[in-house]
Amino acid sequence: MQKVKFDLANLQWQLELLVDLDPPIIGLALQDLGTSLTAADPEQQAAGILIHFIKAGFAGLGAFLRAVECGFEEEGPVPTVVSEIFRSWTALASHNDAELLESADTGNIVAIFPEDNTVEIIGSKRRDGFMRLFDPFDLYQFGQNGITNPDGDFHHKRVTTALVRSGPYRKYTFEQSALEKLSELRSTTPNFNLVTDCLIDAVYLAMISARPIRITPILLLGESGVGKSHYTAELSKCLGVPTTRVAVDNLQVGAGLAGSSFIYVNSQPGAVFKVLSQQNHISPLVILDELDKAEVSYYGDPLNPLHNLLEPISAREFRDESIPMSIDASHVIWIATANSLARIPPTIISRFEVFEIPIQSQETKEAILRVICEEFKKEYPDIEFSKEVISALIDRTPREQRQLLQRALSRTVRLREEIVCLDHLKQVVPNIRSQPPKSGFGYL
């Protein structure tokens, strides 16, 4: 028998919302099937309904859904969220012989054994490791706003559809390898050791306590070339959480972070809402590049949303300007970079823990350059880098090193050779200065 996969955690919260919105409609629909289920609260009743249909091999589910839909239609226009819930259940109603249903995201598994029709339920939608991003009833109210605001109907429907599909729950756990990777990062970026130690402590506490991470927003302060961009890129790989990078110097207004008002037809959510709603983790990494380059314009200060977003209490009820419903943004991991504090408002600085990043030592430069070379070698395993090339680039910034190594590598491959040597580098960068090879690089 073919295995069919569904997200049971989503099915249950959707049922809970339907029960909460109009219990009589659900009760009448169940009576039409010759059954009735009573419970003390919507959660228990939704679980009972779900188990009822699982035991019945989902027989009668289609009729139940039609009865519920008709009940809502009799009371007026069917709410947008309710319509999307019906749509998501349509596929399930067509699989009456499902053997296995499981949610890869939540670990919620229900197995049906055809020989005796017994049911085993493993896991729970509120099991350890997941927390709620938003209240489903708030989503219902947001969807209703689209009915009374025709200009914003498309925007409401698009957002509502996406949130019904992703559901209100997000995981907060980290992979066990995160601590190991952070320790490796510590050894390759020693001038960031204080920052890395802070992150290791926070991740370890979250793991050992089985709670979402709590960490003060971090501001990396240092002159160009100390490796801030390289460090944040590597940090994203270590943590294994969704990441979004915001170029603050390109922000004109706060819409980049907190969205544009929902009263406009072209309303768009900001970076924070997007990463939390579209990804499955409550603690994404949000990187604010060049915080000191923000420009206040006629339209406002692009950093204003940070006053609320960087405070855990207010971030717990964060509202994007384009979506008038609250989400929990209090567990976001914030990392900002800046060359100077002079142009950053004191009220913003006070919300960060500021780490002054020292100029890289030769050992640090070598360590970062080794990491960059290893990344290229993973993509092009037949390519090696000569000691002369490494020595010529040792004093460049990580960004320049990456760019120049890429160009020299491309020339090497074009010439059908396997070792990136100084001649290849000079061909693409004629003014590159040759330096005596450094010992200890471990390259050809």
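Computed packing ranks the peptides 181-191, 158-168, 342-352 as 158-168, 181-191, 342-352, most packed first, by mean other Cβ atoms within 10 Å. Near the amide H of ILE419, within less than 5 Å, lie the amide hydrogens of GLU384, all on another chain or at least 5 residues away, with H placed in the peptide plane. Extension gain, ARG407 to ARG214: 0.36 nm times the residue separation minus the Cα-Cα distance gives 65.3 nm. Among the GluC sites (Glu not before Pro) in region 280-368, which ones are in a DSSP loop with at most 16 other Cβ atoms within 10 Å of the Cβ? Mind listing them? Here the sparse-neighbourhood loop sites are GLU295, GLU317. Using θ = phi - 60° in the Karplus curve 6.51 cos²θ - 1.76 cosθ + 1.60, the 3J(HN,Hα) couplings for region 338-344 round to 7, 8, 8, 8, 4, 9, 9 Hz; x is entered for Gly and Pro. The ranking of LYS378, LYS55 by Cβ neighbour count inside 10 Å, starting from the fewest, reads LYS378, LYS55. Between SER314 and SER350, full extension at 0.36 nm per residue minus the direct alpha carbon distance yields a gain of 11.4 nm. Applied to region 349-363, the Karplus parametrisation 6.51 cos²θ - 1.76 cosθ + 1.60 on θ = phi - 60° returns per-residue 3J(HN,Hα) values of 4, 5, 8, 10, 9, 8, 10, 7, 8, x, 4, 5, 7, 4, 5 Hz, with x for Gly and Pro.
Scalar couplings 3J(HN,Hα) for region 378-388, obtained by applying the Karplus form with A = 6.51, B = -1.76, C = 1.60 to θ = phi - 60°, are 5, 7, 10, x, 8, 9, 10, 10, 7, 4, 5 Hz; x denotes Gly and Pro. For PHE130, the residues 5 or more places off, or on other chains, whose built amide H falls under 5 Å of its own are TYR172. Sketch the reach of a paramagnetic label on CYS198 as a point 7 Å from Cα along Cα-to-Cβ, and name the residues of region 316-343 whose backbone nitrogen lies under 13 Å away. Backbone N within reach: 333-338.
Readers should treat all values here as calculations from the given coordinates under stated rules, not as data from a laboratory. Everything numeric in this text was worked out from a predicted model, so none of it was measured. With ideal geometry, Cβ positions are generated from the backbone for all residues, glycine too; neighbour counts draw on all protein chains shown.
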